[in-house]
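The values are calculated or read from the model by the stated rules, or taken from the named source; none is laboratory data. Nothing here was measured: the structure is a model prediction, and the numbers come from that model. Virtual Cβ from ideal backbone geometry, glycine too; neighbours counted across all protein chains shown. Side chains included, ligands, DNA and RNA excluded: accessible areas come from the protein's heavy atoms. Shrake-Rupley method; radii C 1.70, N 1.55, O 1.52, S 1.80 Å.
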Amino acid sequence: MNTSADHTEVAIGADQPTNGHGKHINGTGDILSGAIEAVKGFANILHNGIEGTNGHGKTVNGTKKTVAENHIPHLRVFLVQTAQGLTPSSGGYKANISLLRELANAGHDTAQICYGFESEIEMYAKRAAEKNINPSVVEESFPVYDAEGKAHQLVVKTFTDEYKIFNIAISRKPFNIAYPVKEFFRDTKAFLENGIFDADGNIHNVNQRIETIVKLFSKYISQFKPTHVIFNDALTMKVAAYHPLRKTFKSVAVIHTAEQLPFGPFCQGIDGHCLSPKLEDNMLRELDGIWAVSRAIQNYCMTYGDLDTTFLVHSNLTYLDVNTGGMPRVRNNVDKIDVGMVNPCPHKGLPILLELAEQLPHINFVTWRSWGTDDAHVDQLSSLANVKVEPTTRNTDEIWDRIKVLIAPSVWHEAWGIIVTEAQLRGIPVIASDAGGLPEAKINLPYCLPVKMVDGKRDADGHYIVPKQDITLWKQKLELLMTNRDAYEKLAARTAKESAEWLNSLDAHAHAKWLAGMMEHK
């Protein structure tokens, strides 16, 4: 495998259609309106299923072609999620659920084990009913005993959502009580290293608490009878490896972070990721497929683990409007005054944001908390008069309607950076770092600026040690976009147009074809 792939080439899908760089648009007032009209054309292609090109001169089918029309065998895909909630802000979760929805739209059968709050389950069931889909909500409960022998109830609700995905939703609140985070990690590690399955698929040498989860996962896999089981966690990887039906389905891992891999400088860089490296490494090499969500992750796997993976961009639905299924609405935010950042924390570039805010007191910044942000980070941000901190939002339109520019100054090995691509599809310029897969998420659009990445070294608390950064270029580019109307409008128009061209160039059935290809190998 060639591990020296050009990030620029892969980011734009090779032979990417251009916007005619040799031509100039006269007058900035018509730039965004022209870009918006172009995007509307791409929206029709993506939403209505008209044929378009994939950037390689080949014609691809639109998103609404059926399984038979695309000559793909019928799939039954079972996914296990690990993020909290049915609508979390996690990019990995969004990529996973978008894949399932895309497969369901194409006529395949899909199911997922997930973690949901009661209000979310009620909302999803209501939305299904509004679309004349019977959610058929069924509740089960299982006794669970904690380390002190105290009894708890693990509550599971199954239902069919508006996308016709069958959900096995573990109620998050009782789960958090019965399975405290650090204890769950410890129990999972013990299961990976000591758990033994007998010929009937029963698990031994583990405590009752983890046994209950293992049985739960195994039960629903058996009931669904999948052609593929997809996951991004080691617990499910082992459950699938020893499942009685293992010979009847393909086992597939999704790599969303370098930290979940059992090798390289970032192994175990996040709590709960890669609990038993040697065992997980062995299991990874027995899988039927490994999906790397960027060339950066694919190259990391080969460089540090000599592990072969398949690179596929996230499914198209990851980036389409969640309500309409069409292209996102392009904003005209030239008169907005805020610079935005999501998930401010050290490895996501918090020090760069703080320094920019200090040196540019005339510019307003707004941040949204996410999984990496803690109270100490909020205190740092709140100490600056020109910085506002907002709570986590699951409605990203709140972000896109508010900001003029997005910054993504990450200094760790980003797998992709979904939020970067999301912003660009809405015509919002993004200033991102060149860390990991961010150059791919930028799809060859300005600006992608150099940073000194973390190298895997950690402090006494286990946090990455973040190098001191030079923000000279960051300051220059940000001031340009925030103060020069002409420069902003030209880049916003180019961003909207080329992002739509990029998305339209992707094969909407690439993942289904890849999964189907595994079925040819017994």
Problem - segment 265-280 residues that are assigned to a helix (DSSP H, G or I), paired with ones that are open to solvent by 30 Å² or more (accessible area, probe 1.4 Å) and modelled with pLDDT of 95 or more (beta carbon under 8 Å, 6 or more apart) - result: Leu279/Glu193
Exercise for the section: Kindly indicate whether any position in segment 189-206 is open to solvent by 10 Å² or more (accessible area, probe 1.4 Å), free of Cβ contacts under 8 Å to residues at least 12 places away in the same chain, in a helix (DSSP H, G or I) and farther than 19 Å from Gly305 by Cα. Expected result: no
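Kindly indicate which of Glu286, Glu280 is more than 16 Å from the chain's Cα centre (by Cα) and open to solvent by less than 30 Å² (accessible area, probe 1.4 Å).
Numbers: Glu286 fails: open to solvent by less than 30 Å² (accessible area, probe 1.4 Å).
That would be Glu280, the only listed residue that is more than 16 Å from the chain's Cα centre (by Cα) and open to solvent by less than 30 Å² (accessible area, probe 1.4 Å).
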Problem - So Leu245, is it touching a residue at least 24 places away in the same chain (Cβ under 8 Å), of a type in the set (A, V, I, L, M, F, W, C) and surrounded by fewer than 16 Cβ atoms within 10 Å (Cβ to Cβ) - result: yes
Exercise for the section: Can you work out which of the residues in segment 137-173 that are over 26 Å from the mean Cα position of the chain (by Cα) and outside any strand (DSSP E or B) is surrounded by the fewest Cβ atoms within 10 Å (Cβ to Cβ)? Expected result: Glu148
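From Pro467, Pro439, Pro450, Pro429, which residue is within 16 Å of Leu406 (Cβ to Cβ) and either under 19 Å from the mean Cα position of the chain (by Cα) or surrounded by fewer than 17 Cβ atoms within 10 Å (Cβ to Cβ) (or both)? Lay out the reasoning, then the answer.
Numbers: Pro467 fails: within 16 Å of Leu406 (Cβ to Cβ); Pro450 fails: within 16 Å of Leu406 (Cβ to Cβ); Pro429 fails: either under 19 Å from the mean Cα position of the chain (by Cα) or surrounded by fewer than 17 Cβ atoms within 10 Å (Cβ to Cβ) (or both).
The match here is Pro439.
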Problem - Residues located in segment 351-367, provided they are closer than 17 Å to Ser410 by Cβ and either touching a residue at least 40 places away in the same chain (Cβ under 8 Å) or among the β-branched types (Val, Ile, Thr) (or both) - result: Pro351, Ile352, Leu353, Glu355, Leu356, Thr367
Fill in the blank from the handout: Checked segment 506-522 for anything open to solvent by 30 Å² or more (accessible area, probe 1.4 Å) and farther than 18 Å from Glu440 by Cα; matches are Lys513, Trp514, Met519, Glu520, His521, Lys522
Handout entry: Residues that are under 22 Å from Leu320 (Cβ atoms) and either buried (at least 19 other Cβ atoms within 10 Å of the Cβ) or in contact with a strand residue (DSSP E or B) (Cβ under 8 Å, 6 or more places away or on another chain) (or both), drawn from segment 121-135
Key = Tyr124, Ala128, Ile133
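Give me the helices (runs of 4 or more DSSP H) completely within segment 372-429, filtered to those with at least 2 residues that are closer than 25 Å to Ala296 by Cα and not charged (D, E, K, R), ordered by residue number. Give the steps one after another, and end with the answer.
Numbers: elements: 375-382, 397-400, 418-425.
Once the helices (runs of 4 or more DSSP H) in segment 372-429 are filtered for at least 2 residues that are closer than 25 Å to Ala296 by Cα and not charged (D, E, K, R), what remains is 418-425.
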Exercise for the section: Determine whether Gly372 is of a type outside the set (A, V, I, L, M, F, W, C) and on the phi > 0 side of the Ramachandran plot. Expected result: no
Practice task
Report yes if Leu86 is surrounded by 21 or more Cβ atoms within 10 Å (Cβ to Cβ), in contact (Cβ under 8 Å) with a residue 24 or more places away in the chain, assigned to a loop (DSSP other than H, G, I, E, B) and hydrophobic (A, V, I, L, M, F, W, C), otherwise no.
Solution key: yes
Handout entry: segment 352-364, residues that are open to solvent by less than 60 Å² (accessible area, probe 1.4 Å) and in contact with a Lys or Arg (Cβ under 7 Å, 6 or more places away or on another chain)
Key = Leu356, Leu360
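Can you name every residue in segment 174-186 that is open to solvent by less than 20 Å² (accessible area, probe 1.4 Å) and either in contact with a Ser or Thr (Cβ under 7 Å, 6 or more places away or on another chain) or outside any loop (DSSP other than H, G, I, E, B) (or both)?
Step one: filter segment 174-186 for residues open to solvent by less than 20 Å² (accessible area, probe 1.4 Å), giving 175, 178-179.
Those that are open to solvent by less than 20 Å² (accessible area, probe 1.4 Å) and either in contact with a Ser or Thr (Cβ under 7 Å, 6 or more places away or on another chain) or outside any loop (DSSP other than H, G, I, E, B) (or both): Phe175, Ala178.
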Fill in the blank from the handout: In segment 157-173, anything closer than 16 Å to Ser119 by Cα, among the aliphatic types (A, V, I, L, M) and touching a helix residue (DSSP H, G or I) at 6+ places or on another chain (Cβ under 7 Å) is listed as Ile168, Ala169
Practice task
Any chance you could count how many residues in segment 173-212 are out of contact with any Asp or Glu (no Cβ under 6 Å at 6 or more places or on another chain), among the β-branched types (Val, Ile, Thr) and at pLDDT 95 or above?
Solution key: 4
Completion exercise
The correct count of residues that are open to solvent by less than 40 Å² (accessible area, probe 1.4 Å) and outside any helix (DSSP H, G or I) in segment 289-310 is 8
Practice task
Consider Glu440 carefully, then state whether it is touching a Ser or Thr at 6+ places or on another chain (Cβ under 6 Å), charged (D, E, K, R) and closer than 19 Å to Ala258 by Cβ.
Solution key: yes
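Does Phe159 qualify as being under 30 Å from Ala106 (Cβ atoms) and either touching a Pro at 6+ places or on another chain (Cβ under 8 Å) or at pLDDT 95 or above (or both)?
Working: under 30 Å from Ala106 (Cβ atoms): yes; either touching a Pro at 6+ places or on another chain (Cβ under 8 Å) or at pLDDT 95 or above (or both): yes.
Yes.
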Exercise for the section: Give the residues of segment 386-416 that are closer than 16 Å to Glu355 by Cα, among the β-branched types (Val, Ile, Thr) and open to solvent by less than 10 Å² (accessible area, probe 1.4 Å), sorted by residue number. Expected result: Ile407, Val411
Fill in the blank from the handout: Flagged pairs (Cβ under 8 angstrom, 6 or more apart or on separate chains; first in segment 320-341, farther than 28 Å from Leu381 by Cβ; second acidic (Asp, Glu)) are Met327/Asp321; Arg329/Asp321
